[in-house]
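To start, the structure under review is shown below, and the notes come after it.
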Amino acid sequence: MTAPRDEMSSYSTILCEASDGVARVTLNRPERLNGMTNQMVVETHDALGRLAADPSVRVLVLTGAGRGFCPGADLGHFASGGGARDVALLPEHLDVPRLLHEMPAVTIAAVNGACAGAGLGWACGCDLRVAARSANFSTAFLRVAVAGDMALPWTLPRLVGAAKARELSFLCEKFPADEAARIGLVARVWDDADFAREVESLVARLARCSPTALRALKAHYLAAERLGLAEFLALESEAHLAIASGADAAEAFRAFVEKREPRFG
């Protein structure tokens with residue numbers, strides 16, 4: 001890791017670990033269903049910044065401890081005056097969705113429970129979202145008289161379409177995991193009893209990919225958001241020719257012919 005292990009594990013509201021190319025950030029206020037405090041936002045921002053700078057991290061999983069993923073802000077904490085005792089929140093700390101979206105690693109939101117408001121914004125910043133069948137979703141912001149943060153008007157239309165994103169945002173209705181899959185918000189829904197095992201299987205599948213190809217594919221999707229077709233094709237073609245002539249591709253070709261799993265360095 002770029003940061004010493006003790007430094008990365010000293011957070012009070014999240015758990016953070018990384019090994020064998022896989023990083024895990026777990027929102028860790030289970031007694032509050034992982035409702036956000038300023039401290040959690042600051043710590044998550046710090047952890048993601050460190051992990052984004054670590055070239056050994058190929059896959060990152062964001063999930064919640066206990067029964068919840070993240071219902072957004074912990075309203076009880078702020079309504080009771082806890083916010084006054086919390087750490088200061090600066091605008092740059094709200095950059096978590098961009099870090100999840102733009103870091104070189106493939107990011108997965110493993111939604112194991114309630115996912116709403118800013119928590120939904122964090123999930124939508126990830127490359128992939130998977131859900132336990134009991135999970136539920138809501139944009140939630142208008143219910144508490146705010147327009148929202150965490151970039152939902154940017155991410156949500158790209159995931160479910162402009163009309164559906166506006167419907168979800170303005171009506172604020174709660175919807176289940178199966179509906180989230182139907183509209184394309186989540187990629188997979190698994191029964192609760194199978195969820196942890198299926199998430200680990202997905203993570204292992206991605207971690208077995210060529211690190212070079214995986215990182216390049218993530219970079220290509222980011223480039224495609226800002227480039228026209230001609231400019232993107234020029235970038236992609238140059239990268240493809242370099243990658244296809246590299247060691248990982250040669251190993252993958254041999255493994256295919258020999259009917260075995262590739263072994264990347």
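Whether any residue in the stretch 58-73 is surrounded by 19 or more Cβ atoms within 10 Å (Cβ to Cβ) and over 17 Å from the mean Cα position of the chain (by Cα) is what I want to check.
Looking for residues that are surrounded by 19 or more Cβ atoms within 10 Å (Cβ to Cβ) and over 17 Å from the mean Cα position of the chain (by Cα), one finds at least one in the stretch 58-73, hence yes.
What do you reckon, is ARG226 of a type in the set (D, E, K, R), closer than 20 Å to PRO104 by Cα and assigned to a loop (DSSP other than H, G, I, E, B)? Before you say what the answer is, go through the steps one by one.
Details: of a type in the set (D, E, K, R): yes; closer than 20 Å to PRO104 by Cα: yes; assigned to a loop (DSSP other than H, G, I, E, B): yes.
So ARG226 fits the description; yes.
Starting from the stretch 81-94, take each residue that is over 15 Å from THR44 (Cβ atoms) and list its partners that are of a type in the set (Ser, Thr, Tyr), counting only C-beta distances under 8 angstrom and pairs at least six apart or across chains.
Correct list of pairs: GLY82/THR37; GLY83/THR37.
So is ALA123 in a strand (DSSP E or B) and open to solvent by less than 20 Å² (accessible area, probe 1.4 Å) or not?
Details: in a strand (DSSP E or B): no; open to solvent by less than 20 Å² (accessible area, probe 1.4 Å): yes.
In short, no.
Take the residues in the stretch 74-112 that are of a type in the set (Asp, Glu) and part of a helix (DSSP H, G or I), then tell me which one is least open to solvent (accessible area, probe 1.4 Å).
Residues of the stretch 74-112 of a type in the set (Asp, Glu): 74, 86, 92, 95, 102.
Filter again for part of a helix (DSSP H, G or I), leaving 92, 95, 102.
On the way: GLU92: 100, ASP95: 42, GLU102: 88 Å².
If we take residues in the stretch 74-112 being of a type in the set (Asp, Glu) and part of a helix (DSSP H, G or I), then ASP95 is least open to solvent (accessible area, probe 1.4 Å).
Look at ALA118 and say whether it is aliphatic (A, V, I, L, M), surrounded by fewer than 16 Cβ atoms within 10 Å (Cβ to Cβ), under 27 Å from LYS174 (Cβ atoms) and out of contact with any Pro (no Cβ under 6 Å at 6 or more places or on another chain). Step through it out loud before you land on a result.
Details: aliphatic (A, V, I, L, M): yes; surrounded by fewer than 16 Cβ atoms within 10 Å (Cβ to Cβ): no; under 27 Å from LYS174 (Cβ atoms): yes; out of contact with any Pro (no Cβ under 6 Å at 6 or more places or on another chain): yes.
Here the answer is no, as ALA118 does not meet what is asked.
Would you call VAL189 among the β-branched types (Val, Ile, Thr) and not in a strand (DSSP E or B)? Walk me through it before giving the result.
On the way: among the β-branched types (Val, Ile, Thr): yes; not in a strand (DSSP E or B): no.
The answer is no for VAL189.
Which pairs have Cβ atoms under 7 Å, sit 6 or more apart or on different chains, and link a residue in the stretch 189-209 that is closer than 13 Å to ALA132 by Cα to one that is open to solvent by 50 Å² or more (accessible area, probe 1.4 Å) and small (Gly, Ala, Ser)?
Qualifying pairs under 7 Å: ASP192/SER134.
What pairs come out if I take residues in the stretch 222-244 that are within 29 Å of PRO157 (Cβ to Cβ) and pair them with residues that are open to solvent by 60 Å² or more (accessible area, probe 1.4 Å) whose C-beta lies under 8 Å away, six or more apart or interchain?
Taking only residues 6 or more apart or on different chains, the pairs are LEU222/GLU102; ALA223/LEU235; ALA223/GLU236; LEU227/LEU235.
May I ask you to list the residues in the stretch 134-170 that are crowded, with 21+ Cβ neighbours inside 10 Å, in contact with a Leu (Cβ under 7 Å, 6 or more places away or on another chain) and β-branched (Val, Ile, Thr)?
THR139
The values are calculated or read from the model by the stated rules, or taken from the named source; none is laboratory data. What you see is a predicted model; the values in this text were computed from it and never measured. Cβ: placed from backbone, ideal geometry, glycine included. Neighbour counts: every protein chain shown. Keep in mind that these areas ignore ligands, DNA and RNA; they rest on the heavy atoms of the full protein, side chains included. Shrake-Rupley method; radii C 1.70, N 1.55, O 1.52, S 1.80 Å.
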